[in-house]
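Structure first, commentary second.
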There are 2 protein chains.
Amino acid sequence: MTSNLDPAIAARLKRSPDGLVPAIAQQYDTGEVLMLGWMDDEALHRTLTTGRCTYWSRSRQEYWVKGDTSGHVQHVKSVALDCDADTLLVRVDQVGAACHTGARTCFDADVLPLGE
Amino acid sequence: MTSNLDPAIAARLKRSPDGLVPAIAQQYDTGEVLMLGWMDDEALHRTLTTGRCTYWSRSRQEYWVKGDTSGHVQHVKSVALDCDADTLLVRVDQVGAACHTGARTCFDADVLPLGE
């Protein structure tokens, strides 16, 4: 779809074949990595301009303003693009649980064993 | 290629169409998000069993043990899979700079402007 993203940013962004960029959401003060979502140009534009994290849902194929259903809003503090311009780091203030399971982060439950 | 990854983990892993999973590298003690790389089953197996972060380089189409060229090794502290089993969070002890530019993290240089 047409996006309102700043053309200077859009020109630099390197997207996957389906037009998306992974976005890491991190709690701005504690440093916790909360989740990873995906953004297209318009989701990034909305994230930069509305103060609320907006993702593209690959499963539902629609925009998804984090917290609109759950109340678990992500207030945007800063957005950075990495050195290859193919990954975003979004520092947020997460209200409540980031994970749909009710866990604080999406990485709390499934720690893999190290070693042989 | 054939992988030695534990079949119980391999059965749960949800991969992109090119067989990869994004892996977020985080400094284990400070919480800094250092970089995002990609792992296939074998890279994950090596990361879990060798104590050194190993990625699949999409540009070079080869395994890449972080720090083998630069000395900027990532010692693995823990590996967690997210609630959807499609993203990895690898907590590491990063030696030196994580970014090939010499910056501590890949997200230090390019902060995007917020607002309209």
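The values are calculated or read from the model by the stated rules, or taken from the named source; none is laboratory data. All values derive from a computational prediction rather than experimental measurement. Glycine gets a Cβ as well: all are built from the backbone with ideal geometry, and neighbour counts include every protein chain shown. When the accessible area is computed, the model is the full protein with side chains, heavy atoms only, and any ligands, DNA or RNA have been set aside. Shrake-Rupley method; radii C 1.70, N 1.55, O 1.52, S 1.80 Å.
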**Q.** Boolean, residue A:105 is closer than 26 Å to residue B:115 by Cβ, within 12 Å of chain B (Cβ to nearest Cβ) and among the polar types (S, T, N, Q)
**A.** no
For the range A:61-78, pairs from a residue that is within 21 Å of residue A:101 (Cβ to Cβ) to a residue that is exposed (fewer than 15 other Cβ atoms within 10 Å of the Cβ), with Cβ under 7 Å and 6 or more apart or across chains, are A:64/A:57; A:67/A:95; A:71/A:95; A:71/A:96; A:72/A:95; A:72/A:96; A:73/A:95
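Conditions tested, residue by residue: (1) in a loop (DSSP other than H, G, I, E, B); (2) farther than 24 Å from residue A:78 by Cβ; (3) of a type in the set (S, T, N, Q).
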| residue | (1), (2), (3) |
| --- | --- |
| B:19 | yes, yes, no |
| B:24 | no, no, no |
| B:76 | no, yes, no |
| B:93 | no, yes, no |
| B:103 | yes, no, no |
- Query: Within the bounds of the range B:64-73, is there any residue that is among the aromatic types (Phe, Trp, Tyr), within 13 Å of the chain's Cα centre (by Cα), at pLDDT 95 or above and open to solvent by less than 60 Å² (accessible area, probe 1.4 Å)?
  - Reply: no
Residue count, the range B:65-116, condition in contact with a helix residue (DSSP H, G or I) (Cβ under 8 Å, 6 or more places away or on another chain) and of a type in the set (Gly, Ala, Ser), comes to 1
Screening A:36, A:13, A:48, A:20 for residues that are within 8 Å of another protein chain (Cβ to nearest Cβ) and under 18 Å from residue B:22 (Cβ atoms) leaves only A:36
Note on residue A:57: of the conditions (1) touching a residue at least 60 places away in the same chain (Cβ under 8 Å); (2) touching a Phe, Trp or Tyr at 6+ places or on another chain (Cβ under 9 Å), unmet is (1)
From the option list B:114, B:88, single residue qualifying as at pLDDT 95 or above and buried (at least 17 other Cβ atoms within 10 Å of the Cβ) is B:88
Note: among A:108, A:86, just one is without any contact (Cβ under 8 Å) to a residue 40 or more places away in the chain, touching a strand residue (DSSP E or B) at 6+ places or on another chain (Cβ under 8 Å) and not hydrophobic (A, V, I, L, M, F, W, C), namely A:108
Q) Can residue B:52 be described as among the basic types (Lys, Arg), open to solvent by 10 Å² or more (accessible area, probe 1.4 Å) and within 19 Å of residue B:4 (Cβ to Cβ)? A) yes
